[in-house]
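Worksheet for the structure shown next.
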Amino acid sequence: MSLPSVRRVAVLGGTRIPFARSDGPYATSSNQDMLTAVVDGLVERHGLRGEGVVGELVAGAVLKHSRDFNLAREVVLGSALDSRTPAYDLQQACGTGMQAVVAVANKVMLGQVESGIAGGSDTASDAPLGVNDELRRVLLAARRARSVGGRLRALGGVRPRHLVPDIPRNAEPRTGLSMGEHAAVTARKWGITRAAQDELAAASHQRLAAAYERGFLDDLVVPYEGLTRDQNLRPGSTVGQLGGLKPVFGVAGGGATMTAGNSTPLTDGAAVVLLGSDEWAAARGLEPLAHLVACETAAVDFVHGDVAGGEDGLLMAPTYAVPRMLERAGLGLGDFDFVEVHEAFASQVLATLAAWEERGLGTVDRERLNVAGSSLATGHPFAATGARIVATLAKLLAERGRPGRGLISLCAAGGQGVTAILERRE
(Lines give C-alpha, C1' and ligand atoms only; values in the text may rest on other atoms or scores of the structure.)
Protein backbone atom coordinates (compact mmCIF):
# COMPACT_ATOMS: atom_id res chain seq x y z
CA MET A 1 0.00 0.00 0.00
CA SER A 2 1.49 3.34 -1.05
CA LEU A 3 1.18 6.45 1.07
CA PRO A 4 -0.72 9.42 -0.42
CA SER A 5 1.34 12.28 -1.78
CA VAL A 6 1.11 15.62 -0.01
CA ARG A 7 -1.10 18.10 -1.86
CA ARG A 8 -1.41 21.86 -1.76
CA VAL A 9 -4.26 23.29 0.29
CA ALA A 10 -6.17 26.18 -1.25
CA VAL A 11 -8.05 28.86 0.67
CA LEU A 12 -11.10 29.42 -1.51
CA GLY A 13 -13.19 31.91 0.43
CA GLY A 14 -14.62 32.83 3.77
CA THR A 15 -17.76 34.16 5.37
CA ARG A 16 -18.52 35.82 8.67
CA ILE A 17 -21.29 37.83 10.21
CA PRO A 18 -20.58 41.34 11.51
CA PHE A 19 -19.17 40.99 15.02
CA ALA A 20 -21.30 42.52 17.77
CA ARG A 21 -20.59 43.69 21.27
CA SER A 22 -21.87 41.33 23.93
CA ASP A 23 -25.42 41.87 25.20
CA GLY A 24 -26.19 43.73 22.01
CA PRO A 25 -27.90 42.71 18.74
CA TYR A 26 -26.96 39.04 19.12
CA ALA A 27 -27.85 38.74 22.79
CA THR A 28 -30.35 35.96 22.11
CA SER A 29 -28.40 34.25 19.32
CA SER A 30 -26.70 30.98 20.20
CA ASN A 31 -23.40 29.67 18.89
CA GLN A 32 -25.39 27.31 16.70
CA ASP A 33 -27.52 30.15 15.31
CA MET A 34 -24.51 32.26 14.34
CA LEU A 35 -22.40 29.41 13.01
CA THR A 36 -25.31 28.16 10.90
CA ALA A 37 -25.74 31.66 9.45
CA VAL A 38 -22.12 31.86 8.27
CA VAL A 39 -22.14 28.30 6.90
CA ASP A 40 -25.30 29.09 4.93
CA GLY A 41 -23.64 32.24 3.63
CA LEU A 42 -20.63 30.25 2.48
CA VAL A 43 -22.80 27.60 0.83
CA GLU A 44 -24.76 30.26 -1.05
CA ARG A 45 -21.72 32.19 -2.25
CA HIS A 46 -19.68 29.20 -3.36
CA GLY A 47 -22.35 26.81 -4.63
CA LEU A 48 -21.82 24.13 -2.01
CA ARG A 49 -25.24 22.49 -2.07
CA GLY A 50 -25.52 18.85 -2.99
CA GLU A 51 -24.53 15.41 -1.83
CA GLY A 52 -20.89 15.00 -0.86
CA VAL A 53 -19.82 18.46 -2.04
CA VAL A 54 -18.03 19.32 1.22
CA GLY A 55 -15.89 16.63 2.82
CA GLU A 56 -16.04 17.82 6.42
CA LEU A 57 -16.92 20.67 8.78
CA VAL A 58 -14.62 21.41 11.71
CA ALA A 59 -15.52 24.18 14.15
CA GLY A 60 -15.63 25.05 17.82
CA ALA A 61 -16.62 27.50 20.52
CA VAL A 62 -14.86 28.56 23.70
CA LEU A 63 -17.90 29.58 25.74
CA LYS A 64 -19.99 26.49 25.24
CA HIS A 65 -23.27 25.19 26.66
CA SER A 66 -23.74 21.51 27.39
CA ARG A 67 -26.31 21.58 24.57
CA ASP A 68 -23.46 22.44 22.20
CA PHE A 69 -21.57 19.20 22.84
CA ASN A 70 -21.90 18.31 19.13
CA LEU A 71 -22.00 21.87 17.82
CA ALA A 72 -20.43 21.37 14.39
CA ARG A 73 -22.60 18.40 13.51
CA GLU A 74 -25.77 20.14 14.67
CA VAL A 75 -24.85 23.09 12.46
CA VAL A 76 -24.56 20.75 9.48
CA LEU A 77 -28.01 19.32 10.21
CA GLY A 78 -29.52 22.79 10.49
CA SER A 79 -27.78 24.36 7.51
CA ALA A 80 -27.93 24.18 3.71
CA LEU A 81 -25.06 21.69 3.68
CA ASP A 82 -25.74 18.08 2.77
CA SER A 83 -26.84 16.43 6.03
CA ARG A 84 -24.42 13.57 5.35
CA THR A 85 -21.42 15.90 5.80
CA PRO A 86 -19.27 14.68 8.74
CA ALA A 87 -18.40 17.25 11.39
CA TYR A 88 -16.60 17.55 14.69
CA ASP A 89 -15.72 20.13 17.35
CA LEU A 90 -12.36 21.27 18.65
CA GLN A 91 -11.24 24.01 21.04
CA GLN A 92 -7.97 25.80 21.77
CA ALA A 93 -9.20 29.06 23.29
CA CYS A 94 -8.54 32.00 20.94
CA GLY A 95 -6.67 29.68 18.57
CA THR A 96 -9.76 27.54 17.93
CA GLY A 97 -10.64 28.91 14.49
CA MET A 98 -7.05 28.67 13.27
CA GLN A 99 -6.66 25.14 14.60
CA ALA A 100 -9.87 24.18 12.81
CA VAL A 101 -8.33 25.48 9.58
CA VAL A 102 -5.19 23.43 10.22
CA ALA A 103 -7.25 20.30 10.96
CA VAL A 104 -9.13 20.54 7.66
CA ALA A 105 -5.97 21.49 5.76
CA ASN A 106 -4.12 18.43 7.02
CA LYS A 107 -6.85 16.12 5.71
CA VAL A 108 -6.93 17.87 2.34
CA MET A 109 -3.14 17.69 2.19
CA LEU A 110 -3.16 13.93 2.79
CA GLY A 111 -6.00 13.26 0.39
CA GLN A 112 -8.43 12.19 3.10
CA VAL A 113 -10.95 14.81 1.98
CA GLU A 114 -11.13 17.01 -1.10
CA SER A 115 -12.66 19.99 0.67
CA GLY A 116 -13.73 21.22 4.08
CA ILE A 117 -15.12 24.13 6.04
CA ALA A 118 -13.36 25.38 9.18
CA GLY A 119 -14.16 28.07 11.70
CA GLY A 120 -15.83 28.87 14.96
CA SER A 121 -18.45 30.81 16.86
CA ASP A 122 -18.58 32.47 20.25
CA THR A 123 -21.08 34.47 22.25
CA ALA A 124 -20.30 36.28 25.46
CA SER A 125 -23.99 37.21 25.68
CA ASP A 126 -25.39 33.68 25.78
CA ALA A 127 -22.68 32.43 28.11
CA PRO A 128 -23.36 29.18 29.99
CA LEU A 129 -24.27 29.47 33.66
CA GLY A 130 -23.26 26.53 35.81
CA VAL A 131 -25.00 25.15 38.86
CA ASN A 132 -23.29 26.31 42.04
CA ASP A 133 -20.75 23.59 42.82
CA GLU A 134 -21.95 23.14 46.39
CA LEU A 135 -25.52 22.72 45.14
CA ARG A 136 -24.29 20.24 42.54
CA ARG A 137 -22.73 18.12 45.28
CA VAL A 138 -25.94 18.20 47.29
CA LEU A 139 -27.99 17.12 44.26
CA LEU A 140 -25.59 14.30 43.47
CA ALA A 141 -25.74 13.12 47.09
CA ALA A 142 -29.55 13.10 46.86
CA ARG A 143 -29.40 11.07 43.67
CA ARG A 144 -27.13 8.50 45.26
CA ALA A 145 -29.31 8.12 48.35
CA ARG A 146 -31.10 4.75 48.48
CA SER A 147 -34.26 5.89 50.26
CA VAL A 148 -36.72 8.75 50.26
CA GLY A 149 -35.54 9.71 53.73
CA GLY A 150 -31.94 9.79 52.54
CA ARG A 151 -32.85 12.01 49.63
CA LEU A 152 -34.73 14.41 51.87
CA ARG A 153 -31.83 14.58 54.34
CA ALA A 154 -29.44 15.38 51.48
CA LEU A 155 -31.72 18.06 50.04
CA GLY A 156 -32.06 19.53 53.50
CA GLY A 157 -28.49 20.72 53.10
CA VAL A 158 -29.45 23.24 50.43
CA ARG A 159 -28.70 26.81 51.57
CA PRO A 160 -29.57 30.16 49.96
CA ARG A 161 -25.93 30.67 48.93
CA HIS A 162 -26.16 27.53 46.83
CA LEU A 163 -28.68 29.19 44.51
CA VAL A 164 -26.10 31.65 43.15
CA PRO A 165 -25.00 30.30 39.73
CA ASP A 166 -21.42 29.87 38.62
CA ILE A 167 -20.65 32.42 35.91
CA PRO A 168 -17.72 31.91 33.48
CA ARG A 169 -14.75 33.97 34.60
CA ASN A 170 -12.25 35.71 32.37
CA ALA A 171 -9.37 34.46 34.47
CA GLU A 172 -6.64 31.87 34.17
CA PRO A 173 -7.37 28.97 36.55
CA ARG A 174 -3.67 28.65 37.48
CA THR A 175 -3.17 32.29 38.42
CA GLY A 176 -6.58 33.85 39.00
CA LEU A 177 -5.54 36.79 36.81
CA SER A 178 -7.60 37.92 33.84
CA MET A 179 -6.09 38.00 30.38
CA GLY A 180 -5.97 41.78 30.61
CA GLU A 181 -4.07 41.70 33.91
CA HIS A 182 -1.59 39.26 32.44
CA ALA A 183 -1.17 41.51 29.41
CA ALA A 184 -0.51 44.45 31.73
CA VAL A 185 2.39 42.54 33.32
CA THR A 186 3.82 41.88 29.86
CA ALA A 187 3.36 45.52 28.82
CA ARG A 188 5.44 46.64 31.80
CA LYS A 189 8.10 44.04 31.10
CA TRP A 190 8.53 45.18 27.50
CA GLY A 191 8.09 48.90 28.20
CA ILE A 192 5.05 49.30 25.96
CA THR A 193 3.80 52.88 26.14
CA ARG A 194 0.24 54.14 26.27
CA ALA A 195 0.80 56.33 23.20
CA ALA A 196 2.02 53.39 21.11
CA GLN A 197 -0.99 51.32 22.11
CA ASP A 198 -3.47 54.06 21.27
CA GLU A 199 -1.77 54.64 17.92
CA LEU A 200 -2.12 50.95 17.03
CA ALA A 201 -5.77 50.89 18.13
CA ALA A 202 -6.67 54.01 16.13
CA ALA A 203 -5.00 52.54 13.04
CA SER A 204 -6.98 49.31 13.41
CA HIS A 205 -10.30 51.20 13.35
CA GLN A 206 -9.26 53.46 10.50
CA ARG A 207 -8.04 50.56 8.37
CA LEU A 208 -11.14 48.45 8.96
CA ALA A 209 -13.33 51.43 8.07
CA ALA A 210 -11.36 51.93 4.87
CA ALA A 211 -11.73 48.22 4.02
CA TYR A 212 -15.50 48.51 4.33
CA GLU A 213 -15.61 51.71 2.31
CA ARG A 214 -13.72 50.25 -0.64
CA GLY A 215 -15.91 47.14 -0.69
CA PHE A 216 -13.15 44.76 0.37
CA LEU A 217 -15.45 43.00 2.84
CA ASP A 218 -18.51 42.79 0.60
CA ASP A 219 -17.98 39.10 -0.17
CA LEU A 220 -16.63 38.20 3.27
CA VAL A 221 -19.37 39.56 5.56
CA VAL A 222 -23.05 38.59 5.46
CA PRO A 223 -25.65 40.75 7.29
CA TYR A 224 -27.13 39.26 10.43
CA GLU A 225 -29.76 40.47 12.90
CA GLY A 226 -29.79 43.96 11.40
CA LEU A 227 -26.01 44.46 11.41
CA THR A 228 -24.07 45.01 8.18
CA ARG A 229 -20.79 46.14 9.77
CA ASP A 230 -18.90 45.27 12.93
CA GLN A 231 -20.58 47.03 15.82
CA ASN A 232 -17.32 47.82 17.58
CA LEU A 233 -15.96 49.76 14.59
CA ARG A 234 -15.32 53.45 15.31
CA PRO A 235 -14.22 54.98 11.97
CA GLY A 236 -13.37 58.31 13.54
CA SER A 237 -11.06 56.90 16.19
CA THR A 238 -7.98 59.03 16.85
CA VAL A 239 -5.08 58.84 19.21
CA GLY A 240 -6.41 61.96 20.92
CA GLN A 241 -9.82 60.42 21.58
CA LEU A 242 -8.35 57.17 22.85
CA GLY A 243 -5.96 59.11 25.07
CA GLY A 244 -8.87 60.36 27.14
CA LEU A 245 -9.90 56.90 28.35
CA LYS A 246 -8.99 55.66 31.81
CA PRO A 247 -6.81 52.55 32.24
CA VAL A 248 -8.70 49.40 33.18
CA PHE A 249 -5.92 46.78 33.48
CA GLY A 250 -2.82 46.86 35.64
CA VAL A 251 -4.16 49.76 37.66
CA ALA A 252 -3.09 48.39 41.05
CA GLY A 253 0.57 48.34 40.05
CA GLY A 254 0.67 51.98 38.96
CA GLY A 255 1.64 53.32 35.57
CA ALA A 256 -1.28 51.53 33.88
CA THR A 257 -1.50 51.93 30.09
CA MET A 258 -4.26 49.54 29.00
CA THR A 259 -7.76 50.94 28.40
CA ALA A 260 -11.03 49.73 26.96
CA GLY A 261 -10.01 51.51 23.76
CA ASN A 262 -6.75 49.64 23.21
CA SER A 263 -8.18 46.28 24.33
CA THR A 264 -10.73 44.08 22.59
CA PRO A 265 -14.28 44.09 23.99
CA LEU A 266 -16.34 40.99 24.74
CA THR A 267 -17.86 40.10 21.40
CA ASP A 268 -20.39 37.79 19.71
CA GLY A 269 -19.88 36.39 16.22
CA ALA A 270 -18.95 33.54 13.90
CA ALA A 271 -16.70 32.95 10.89
CA VAL A 272 -15.80 30.09 8.53
CA VAL A 273 -13.31 29.40 5.73
CA LEU A 274 -13.59 27.10 2.70
CA LEU A 275 -10.53 24.97 1.97
CA GLY A 276 -9.92 22.44 -0.78
CA SER A 277 -7.45 20.78 -3.10
CA ASP A 278 -6.52 22.55 -6.33
CA GLU A 279 -8.18 19.76 -8.28
CA TRP A 280 -11.46 20.06 -6.38
CA ALA A 281 -11.43 23.85 -6.79
CA ALA A 282 -10.81 23.60 -10.53
CA ALA A 283 -13.62 21.09 -10.96
CA ARG A 284 -16.04 23.48 -9.31
CA GLY A 285 -14.77 26.61 -11.05
CA LEU A 286 -13.36 28.15 -7.86
CA GLU A 287 -10.20 30.25 -7.98
CA PRO A 288 -7.80 29.76 -5.03
CA LEU A 289 -7.12 32.98 -3.17
CA ALA A 290 -3.97 31.60 -1.54
CA HIS A 291 -2.53 28.37 -0.18
CA LEU A 292 -1.81 27.37 3.40
CA VAL A 293 1.83 26.25 3.36
CA ALA A 294 2.96 26.11 7.00
CA CYS A 295 1.74 26.25 10.57
CA GLU A 296 3.27 26.07 14.04
CA THR A 297 2.02 26.05 17.62
CA ALA A 298 3.79 26.87 20.86
CA ALA A 299 3.12 27.29 24.56
CA VAL A 300 4.87 29.17 27.37
CA ASP A 301 5.10 28.66 31.12
CA PHE A 302 3.29 31.85 32.00
CA VAL A 303 2.61 30.67 35.55
CA HIS A 304 6.28 30.81 36.51
CA GLY A 305 7.13 33.44 33.92
CA ASP A 306 4.52 36.16 33.65
CA VAL A 307 3.42 36.07 37.27
CA ALA A 308 7.05 36.25 38.38
CA GLY A 309 7.65 39.22 36.09
CA GLY A 310 9.49 37.20 33.46
CA GLU A 311 9.26 37.63 29.71
CA ASP A 312 7.17 34.51 29.05
CA GLY A 313 3.82 36.26 29.40
CA LEU A 314 0.45 34.59 28.92
CA LEU A 315 0.07 35.85 25.34
CA MET A 316 3.67 35.53 24.14
CA ALA A 317 3.71 31.98 22.73
CA PRO A 318 3.74 33.26 19.10
CA THR A 319 7.14 34.80 19.80
CA TYR A 320 8.42 31.21 19.96
CA ALA A 321 6.19 29.64 17.31
CA VAL A 322 6.98 32.15 14.56
CA PRO A 323 10.80 31.87 14.74
CA ARG A 324 10.56 28.07 14.58
CA MET A 325 8.15 28.21 11.65
CA LEU A 326 10.24 30.71 9.72
CA GLU A 327 13.42 28.72 10.26
CA ARG A 328 11.72 25.59 8.98
CA ALA A 329 10.39 27.48 5.94
CA GLY A 330 13.69 29.26 5.28
CA LEU A 331 12.02 32.67 5.50
CA GLY A 332 12.42 35.93 7.39
CA LEU A 333 9.94 38.62 8.36
CA GLY A 334 11.07 40.64 5.36
CA ASP A 335 9.75 37.94 3.04
CA PHE A 336 6.12 38.72 3.91
CA ASP A 337 3.88 41.16 2.13
CA PHE A 338 1.31 41.07 4.94
CA VAL A 339 1.57 40.30 8.65
CA GLU A 340 -1.64 39.55 10.54
CA VAL A 341 -1.21 39.64 14.32
CA HIS A 342 -4.39 39.04 16.33
CA GLU A 343 -5.03 42.16 18.41
CA ALA A 344 -6.18 40.76 21.72
CA PHE A 345 -4.64 43.91 23.17
CA ALA A 346 -2.57 46.59 21.51
CA SER A 347 0.10 46.03 24.17
CA GLN A 348 0.30 42.32 23.30
CA VAL A 349 0.83 43.07 19.58
CA LEU A 350 3.58 45.56 20.38
CA ALA A 351 5.26 43.20 22.87
CA THR A 352 5.18 40.44 20.25
CA LEU A 353 6.84 42.69 17.66
CA ALA A 354 9.47 43.73 20.19
CA ALA A 355 10.20 40.11 21.12
CA TRP A 356 10.58 39.08 17.46
CA GLU A 357 13.04 41.91 16.98
CA GLU A 358 14.99 41.01 20.11
CA ARG A 359 15.18 37.39 18.98
CA GLY A 360 16.77 38.35 15.69
CA LEU A 361 13.80 38.27 13.32
CA GLY A 362 14.01 41.95 12.46
CA THR A 363 11.23 44.53 12.38
CA VAL A 364 7.77 44.39 10.85
CA ASP A 365 6.91 47.20 8.45
CA ARG A 366 3.81 48.79 9.99
CA GLU A 367 2.40 49.39 6.51
CA ARG A 368 2.16 45.61 6.17
CA LEU A 369 0.69 44.96 9.62
CA ASN A 370 -3.06 44.31 9.89
CA VAL A 371 -3.69 46.39 6.80
CA ALA A 372 -7.47 45.82 6.83
CA GLY A 373 -7.83 46.29 10.59
CA SER A 374 -8.01 43.52 13.15
CA SER A 375 -9.51 42.52 16.48
CA LEU A 376 -9.29 45.92 18.18
CA ALA A 377 -11.72 47.21 15.56
CA THR A 378 -13.72 44.11 14.61
CA GLY A 379 -14.00 42.66 18.10
CA HIS A 380 -12.96 39.16 19.09
CA PRO A 381 -15.47 36.30 19.33
CA PHE A 382 -12.84 33.88 20.60
CA ALA A 383 -13.31 30.86 18.30
CA ALA A 384 -14.17 32.95 15.22
CA THR A 385 -11.07 35.12 14.99
CA GLY A 386 -8.79 32.58 13.32
CA ALA A 387 -11.17 32.03 10.41
CA ARG A 388 -11.71 35.78 10.06
CA ILE A 389 -7.98 36.36 9.77
CA VAL A 390 -7.37 33.52 7.29
CA ALA A 391 -10.14 34.70 4.97
CA THR A 392 -9.02 38.33 5.19
CA LEU A 393 -5.36 37.56 4.54
CA ALA A 394 -6.14 35.21 1.64
CA LYS A 395 -8.19 37.90 -0.07
CA LEU A 396 -5.49 40.54 0.53
CA LEU A 397 -2.99 38.28 -1.21
CA ALA A 398 -5.37 37.53 -4.07
CA GLU A 399 -6.31 41.10 -4.88
CA ARG A 400 -2.66 42.08 -5.45
CA GLY A 401 -2.66 39.93 -8.58
CA ARG A 402 0.91 38.72 -8.09
CA PRO A 403 2.81 36.24 -5.91
CA GLY A 404 3.07 37.03 -2.22
CA ARG A 405 3.12 35.72 1.32
CA GLY A 406 1.25 36.46 4.52
CA LEU A 407 2.10 35.61 8.14
CA ILE A 408 -0.56 34.84 10.76
CA SER A 409 0.07 35.05 14.52
CA LEU A 410 -2.58 34.33 17.15
CA CYS A 411 -2.11 34.25 20.91
CA ALA A 412 -4.46 32.18 23.07
CA ALA A 413 -5.43 31.67 26.69
CA GLY A 414 -3.44 29.09 28.59
CA GLY A 415 -0.17 30.53 27.31
CA GLN A 416 -0.58 29.16 23.79
CA GLY A 417 -0.10 30.40 20.25
CA VAL A 418 -1.03 29.32 16.73
CA THR A 419 0.79 30.66 13.68
CA ALA A 420 0.63 30.00 9.94
CA ILE A 421 1.86 31.09 6.51
CA LEU A 422 -0.34 31.73 3.49
CA GLU A 423 1.21 31.99 0.06
CA ARG A 424 0.00 32.96 -3.40
CA ARG A 425 1.89 31.78 -6.46
CA GLU A 426 1.32 32.45 -10.15
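Pairs of Cα atoms nearer than 8 Å and 6+ residues apart set the relative contact order; for region 1-123 it is 33 percent. Heavy-atom surface analysis with a 1.4 Å probe gives the chain a carbon and sulfur content of 52 percent of its accessible area. For region 335-415, a/c is not less than 1.5, where a ≥ b ≥ c are the root eigenvalues of the C-alpha gyration tensor, and a/b does not top b/c. That puts it in the oblate class. In this label model, D365 and N70 are separated by 5.1 nm, measuring between points 7 Å along each Cα→Cβ vector. With helices as the sole contributors, the chain gives -10500 deg cm²/dmol at 222 nm; each DSSP H run of n ≥ 4 counts as -39500 (n - 2.57), and the sum is divided by every residue.
Averaging 1/r across all pairs of distinct Cα atoms in region 90-229 and inverting the result yields a Kirkwood radius of 21.1 Å. Plainly put, region 181-225 has a radius of gyration that is 1.22 times its Kirkwood radius, both from alpha-carbon atoms, as the Rg/Rh ratio.
Computed on the chain, with alpha-carbon pairs under 8 angstrom and 6+ residues apart, the relative contact order is 26 percent.
Are there trypsin sites (Lys or Arg not before Pro) in region 1-72 that DSSP puts in a loop and that have at most 14 other Cβ atoms within 10 Å, and which ones?
Within region 1-72, the qualifying trypsin sites (Lys or Arg not before Pro) (loop, at most 14 other Cβ atoms within 10 Å) are R49.
For the chain, the antiparallel share of DSSP beta bridges with both residues in that region comes to about 75%. Looking at the square roots a ≥ b ≥ c of the eigenvalues of the Cα gyration tensor of region 213-350, which shape do they give, rounded for a/c under 1.5, prolate if a/b is larger than b/c, or oblate? Oblate is the answer for region 213-350, as a/c is 1.5 or above yet b/c matches or exceeds a/b.
Labels on offer are (1) 141; (2) 132; (3) 180, and the one holding volume of the Cα convex hull per residue in Å³ computed from this structure is (3).
Taking Cβ atoms as reference points and 11 Å as the exclusive limit, the residues near E225 contribute a net charge of -2, counting Lys and Arg as +1 and Asp and Glu as -1.
Using C-alpha pairs under 8 Å with a sequence gap of at least 6, the mean separation divided by the residue count of region 332-426 gives a relative contact order of 33 percent. Shape verdict for region 1-153, please, from the Cα gyration tensor: rounded (a/c under 1.5), prolate (a/b greater than b/c) or oblate. Cα axes put region 1-153 in the prolate bin.
Computed with a 1.4 Å probe over protein heavy atoms only, the accessible surface of the chain comes to 41 Å² per residue.
The values are calculated or read from the model by the stated rules, or taken from the named source; none is laboratory data. Remember, predicted model here, so these are calculated numbers, not experimental data. Here the Cβ is made from the backbone with ideal geometry for all residues, glycine too, and neighbour counts use every protein chain on show. Quick note on the areas: whole protein, heavy atoms, side chains included, nothing else; ligands and nucleic acids left out. Shrake-Rupley method; radii C 1.70, N 1.55, O 1.52, S 1.80 Å.
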